[in-house]
Amino acid sequence: MSKTILRVEDLSVRFRTEEGVFNAVDNISFTLEEQKTLAIVGESGSGKSVTSLAIMQLLAENGHISSGEIYVDDENILNMSSSQVQHNILGKKISMIFQEPMTALNPILKIGDQITESIIEHQGTGKKEAYEIALDTLKQVGIPSPEQRIKQFPHELSGGMRQRVMIAMALVTRPKIMIADEPTTALDVTIEAQILNLIEQLKSTFKTSILFVTHDLNVVADIADDVIVMYCGQIIERGPVVDIFENPQHPYTKGLLATMPTLEDHKGELPTIQGGVPSITQRPGGCYFHPRCPHRMKKCETQSPGVYTVGQQQVKCFLFEGNKEERNDGK
Amino acid sequence: MANDQILSVEHLCKHFVLKKSLNKEKQVYVKAVDDVSFTVSKGETLGIVGESGCGKSTLGRSLLRLWEPTSGDIYFNGENIMSYDSRQLRELRKDMQYIFQDPYSSMNPKMTIRDIIVEPLDNFHKEMSSKEKEDKVAHLLDIVGLSPDVMNRYPHEFSGGQRQRIVIARGIALNPQLLVCDESVSALDVSVQAQIINLLQKLKKQFNLTYLFISHDLRVVKFISDRIMVLYLGQIMEIAPSDTLFSDPKHPYTRSLIGSISKGNPRNRQERVILEGEIPNPMNLPKGCPFSTRCPVATDKCREQKPLLRPVGENQYASCFYA
């Protein structure tokens, strides 16, 4: 048994809007094991990014964690004071890289200043030493001629290079957990391959655990050990990556995998999931997926299904009601 | 075969001047599209792929003269549209339509869906009565899978997929022959993307359309295209039937591009082909082959001379000395 490094329990995140209060994340629980990669996959509005922002305590002003616990190394960070979290957890034990490094980097600070800032803050080193560490980390993330790059501003770098800088910044404090939110979505395919490769390499060098948030199932197939599929703020299926791909159980997971065009030969029509993801203000009653579900039953319209065990997977769907029930989120 | 050609492009260039100077030598250009020639047959879907900055959108826009090409010829149904005046060009819009990437910014947020779709009819079919136009809009909405009831609503009330349907309805309102789809499904969720791909396929059959399908997503392009053109730094690296391009790519760039796609199989995590380096600055292109700075098999010859597009297989062309 590997050690659990991050444990999220019954996490709910609420957003206040003009139209009312809505649950962007609805009672989710999961664990991340040491040196594993856990992928959270979902479409827009699934709550996958909100989950990662909630862990990093970076929620927008109108959002808050309404219930739940987040354990990092068996300590509930939601019970800590904000200064404790700032100094001992964020940046130190957990780092995050974002989809668009241009908006995550400060445009008026040189690369070097941005990296050394966090080294000085978290490791209490002097300026000179921090500079050396920064240079060394830039080398490790594969930035050519780091001595010059460290003096440049973010706009002088390409998208791929900026993402490498982001990764370097996330790594300087040797975090145990790295949260990567769509880190390759804005990149070209050849650069995406480079960055995924880099993340894999660094994971084994630094023994980091990775929470990888993405909409791209192909990326999931390449990097994940375990997968969580989210829909409308809920986890609807989870399991080891091979099981999820070869034997998906939830109708939504099945549909998602089927709609992806493959490289194999076939023309004609792609399988589809009917309709679209409902907006947060217009979620249906019962199982959130039922209006789009080809297997919907009467009770799916009014009741939220519990979570049932199927092989190595957990599935939130009434189709598996006969199986062992893991937990009942039914409301 | 020549009669089948709907579009024939010869030596098309689109250069952007970055730094003007009276001395031509000192002007700084970006050659966004550089000496591109190809043909498209009626009813065909030609996919155009490449990484960002390769000139695929510039090419699409230049083909319709939305952006004025710097030089070259574009024959549409045998007529050179480069010689068209603005009146002729306006008429041409009926036959060639462009569907933009972002369904959020390509519709006026203050117009209702009816006004958005009726606009091309107002412009080109002045003879139609408002009742006829209304019926036509309802019909178009029906074709793209939306209820005619949505006519009085505004773009912000729709999801990305529905907006893309509206944009497509507007695109086909004038019964065009050629549609340029620029990243038409890229901004959509996976489950919705498949719906739009199917819709485009259906429309193609129903109205005998020809598509130029621009995308960075090789899977989608492979699925939808008959032939695929691979662009790099404004130049054609390879052009081939879609299956051939994937089963037997000849150009080293095509090979790396295909090799870098994930296989989508967690049991078979083949090493992705890692293409080192990044696209060179387009202001300062390599002298020879544009790909020579990243190419795993480049020689001195490649760095000195520019290879021309030449046949390397059945209907397959590549611009590489060693393909």
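The values are calculated or read from the model by the stated rules, or taken from the named source; none is laboratory data. Being a predicted model, the structure only gives us computed values, none of them experimental. With ideal geometry, Cβ positions are generated from the backbone for all residues, glycine too; neighbour counts draw on all protein chains shown.
Observations, loosely collected:
- Between A:ALA39, A:ALA54, the distinction of being crowded, with 17+ Cβ neighbours inside 10 Å, of a type in the set (Gly, Ala, Ser) and part of a strand (DSSP E or B) belongs to A:ALA39 only.
- Within segment B:102-119, the set of residues being of a type in the set (Ser, Thr, Tyr) and surrounded by 13 or more Cβ atoms within 10 Å (Cβ to Cβ) comprises B:TYR104, B:SER106, B:THR112.
- Filtered residue count, segment B:198-210, keeping only those that are in contact with a Lys or Arg (Cβ under 8 Å, 6 or more places away or on another chain) and either within 14 Å of another protein chain (Cβ to nearest Cβ) or surrounded by fewer than 19 Cβ atoms within 10 Å (Cβ to Cβ) (or both): 2
- Scanning segment B:247-282 for residues that are facing chain A (nearest Cβ under 9 Å) and among the charged types (D, E, K, R) turns up B:LYS263, B:ARG267, B:ARG269, B:GLU271, B:ARG272, B:GLU276, B:GLU278.
- Test result for B:VAL221, within 14 Å of another protein chain (Cβ to nearest Cβ) and either part of a helix (DSSP H, G or I) or not hydroxyl-bearing (Ser, Thr, Tyr) (or both): yes
- On inspection, B:PRO296 does not qualify as under 26 Å from the mean Cα position of the chain (by Cα) and either surrounded by fewer than 16 Cβ atoms within 10 Å (Cβ to Cβ) or more than 9 Å from chain A (Cβ to nearest Cβ) (or both).
- For segment B:130-183, the tally of residues that are more than 14 Å from chain A (Cβ to nearest Cβ), within 26 Å of B:VAL49 (Cβ to Cβ) and not aliphatic (A, V, I, L, M) stands at 6.
- Among the residues of segment A:222-265, the ones that are in contact with a strand residue (DSSP E or B) (Cβ under 9 Å, 6 or more places away or on another chain), among the hydrophobic types (A, V, I, L, M, F, W, C) and more than 16 Å from A:PRO294 (Cβ to Cβ) come to 11 in all.
- Only residues that are among the small types (Gly, Ala, Ser) and at the interface with chain B (Cβ under 9 Å from one of its Cβ atoms) were counted in segment A:273-287, giving 3.
- Any chance A:VAL227 is closer than 30 Å to A:ARG14 by Cβ, buried (at least 24 other Cβ atoms within 10 Å of the Cβ) and within 13 Å of another protein chain (Cβ to nearest Cβ): yes
- Every residue from segment A:240-264 that is more than 9 Å from chain B (Cβ to nearest Cβ) and in a loop (DSSP other than H, G, I, E, B): A:ASN247, A:PRO248, A:GLN249, A:HIS250, A:GLU264
- Cβ pairs under 8 Å, 6+ apart, first in segment B:101-113 and within 19 Å of B:LYS56 (Cβ to Cβ), second part of a helix (DSSP H, G or I) and among the aliphatic types (A, V, I, L, M): B:PRO103/B:ILE166; B:PRO103/B:VAL167; B:SER106/B:VAL167
- B:ILE48 vs. criteria closer than 30 Å to A:ILE191 by Cβ and at pLDDT 95 or above: yes
- Scanning segment B:120-135 for residues that are surrounded by fewer than 15 Cβ atoms within 10 Å (Cβ to Cβ) and under 19 Å from B:ILE168 (Cα atoms) yields B:ASP122, B:ASN123, B:ASP135.
- So B:THR39, is it without any contact (Cβ under 8 Å) to a residue 40 or more places away in the chain and either under 18 Å from B:ILE228 (Cα atoms) or hydroxyl-bearing (Ser, Thr, Tyr) (or both): yes
- Residue within segment B:40-63 that is more than 14 Å from every other protein chain (Cβ to nearest Cβ), over 26 Å from B:GLN206 (Cβ atoms) and not in a helix (DSSP H, G or I) present: no
- Among the candidates A:THR190, A:THR185, A:THR205, residue that is over 11 Å from the mean Cα position of the chain (by Cα) and away from chain B (no Cβ under 14 Å): A:THR205
- Restricting B:VAL190, B:VAL221 to those that are within 19 Å of B:GLU51 (Cβ to Cβ) and among the β-branched types (Val, Ile, Thr) reduces the list to B:VAL221.
- Counted residues, segment B:66-81 - those being more than 21 Å from B:CYS181 (Cα to Cα) and surrounded by 16 or more Cβ atoms within 10 Å (Cβ to Cβ): 2
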